[in-house]
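A.B. asks: After the structure tokens below, expect a handful of questions from me.
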């Protein structure tokens, strides 16, 4: 009996790796989602108010071109760091009232997307089914990912990095 083939029966289901990775990442960052530990600094002082303003503008059927509430007012389309025009942020702001819980959920989704991308990337180079799962969890919970929790634009970069690598390898 080969011990290395033992995990094939467990992971033969195509949906198993995604559910398992998502659950492990959600548990790892559950303290942020459950507000045991709060986001801080730029997340609360800069990114969250911009998203709350977007959400309020959508709820009042306004198109937000100018943010009058921060730094003496400035045009939102000139702000590349706050990801005002990110499709994921726009959909969340349009569907829900943006608050700290939704902001934490958005952060968690970026970590899960990054772990899925790592899973797909490692799957191209490994014949074993458990190796991509383990490396995806390690990537999503790594110190680089956890230490960048303060900068949302860096977290988005971590989430989309493997998608770019897969694109360049395949095409």
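The values are calculated or read from the model by the stated rules, or taken from the named source; none is laboratory data. Model, not experiment: these values are computed from the prediction. Positions of Cβ are generated from backbone atoms using ideal geometry, with glycine treated the same way; all protein chains shown enter the neighbour counts.
A.B. asks: Going residue by residue through region 105-121, is there one that turns out to be crowded, with 20+ Cβ neighbours inside 10 Å and not in a helix (DSSP H, G or I)?
C.D. replies: no
A.B. asks: Right, something else. Keeping to region 122-139, report how many residues are modelled with pLDDT under 90 and assigned to a helix (DSSP H, G or I).
C.D. replies: Qualifying residue count, region 122-139: 0.
A.B. asks: Condition test on residue 110, is it within 24 Å of residue 146 (Cβ to Cβ), over 14 Å from the mean Cα position of the chain (by Cα) and in contact (Cβ under 8 Å) with a residue 24 or more places away in the chain?
C.D. replies: On the way: within 24 Å of residue 146 (Cβ to Cβ): yes; over 14 Å from the mean Cα position of the chain (by Cα): no; in contact (Cβ under 8 Å) with a residue 24 or more places away in the chain: yes.
In short, no.
A.B. asks: Also: Could you list all residues from region 15-37 that are assigned to a helix (DSSP H, G or I), crowded, with 16+ Cβ neighbours inside 10 Å and at pLDDT below 90?
C.D. replies: 32
A.B. asks: In addition: Could you grab me the full set of residues in region 38-63 that are modelled with pLDDT of 85 or more, surrounded by fewer than 17 Cβ atoms within 10 Å (Cβ to Cβ) and in contact with a helix residue (DSSP H, G or I) (Cβ under 6 Å, 6 or more places away or on another chain)?
C.D. replies: none
A.B. asks: Tally time: how many residues in region 68-102 are assigned to a helix (DSSP H, G or I) and either more than 16 Å from residue 159 (Cα to Cα) or at pLDDT below 85 (or both)? Write out each step before concluding.
C.D. replies: Here is the first cut: in region 68-102, the ones assigned to a helix (DSSP H, G or I) are 76-78, 87-95, 100-102.
Narrowing the set further to residues that are either more than 16 Å from residue 159 (Cα to Cα) or at pLDDT below 85 (or both) leaves 76-78, 90-95, 100-102.
Qualifying residue count, region 68-102: 12.
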